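Note sheet for the following structure.
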Amino acid sequence: MAAVLVGIGAILGVAPPAGGSSGASMVTVAAGAAAPGAQDRTAAIAQPRSLPRTPDTAGHHAVVPNQAAPDPADVVEAYFQAINNGEYVAAWALGGKHITGQPYDYFVRTFSDTARDDVTVRSVVGNNVEVELDATQTDGTHRYFAGTYTVRDGVIVAARIHRE
């Protein structure tokens with residue numbers, strides 16, 4: 001099995017310059033070249049020979065973070081998935097601690113009568129995720145909520161949710 005990176009432009013969404021050449025050389029790391037005991041992998045990694053400098057970029061270096069912050073909607077959906085799975089520690093870490101203003105035990109107790117939460121993301125504007133929530137209770141009834149969650153750095157930091 002081999003993994004091939006087509007070039008840094010493919011990762012960053014940058015097209016190669018006109019003329020079709022990306023100016024990249026390919027370095028192949030073969031499985032047999034690994035040190036004894038190392039994992040067996042094959043990968044081709046694109047390494048640019050040089051990047052053109054323009055007046056706009058001369059003297060400036062772009063910083064590419066190792067990991068982009070998760071999409072705010074994904075964080076909200078992961079929060080409710082954790083709740084539905086009974087993974088309250090994960091839900092607490094994803095933002096439950098910021099929402100209730102109460103201790104962890106209180107947070108967990110708030111779900112004692114809830115069988116399932118179904119969240120629908122209506123829109124995302126910046127860090128704000130507008131949702132509708134259908135909370136199915138253990139007795140089969142439903143409670144409906146709507147509002148906005150604010151997400152920063154992969155964590156829900158605020159909630160403005162009201163019952164409908």
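One table, with the values for the structure above:
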| quantity | calculated |
| --- | --- |
| For region 64-106, alpha-carbon Rg over 2.2 N^0.38 Å | 1.30 |
| Inter-site label distance for residue 105 and residue 164 at 7 Å from Cα along Cβ, in nm | 3.5 |
| Long-range Cα-Cα pairs in region 72-163 (distance over 19 Å), rounded percent | 34 |
| Distant-in-sequence amide H partners of residue 156 (H built 1.01 Å from N, under 5 Å) | 95 |
| Residue 68 versus residue 138: modelled label distance in nm, points set 7 Å from Cα along the beta carbon direction | 4.2 |
| Rounded to the nearest 20 debye, dipole of region 72-163 from Cβ charges on Lys, Arg, Asp, Glu | 280 |
| Spin-label zone in region 105-123 - amide nitrogen under 13 Å from a point set 7 Å from the Cα of residue 81 along the C-beta vector | 119 |
| Order of 117, 71 under a 10 Å beta carbon neighbour criterion, fewest first | 71, 117 |
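The numbers here are math on the coordinates, done by the rules we state, and not lab data. Since the model is a prediction, treat every value here as computed from it, not as a measurement. Reconstructed Cβ throughout: ideal geometry from the backbone, glycine too, with neighbour counts over all protein chains shown.
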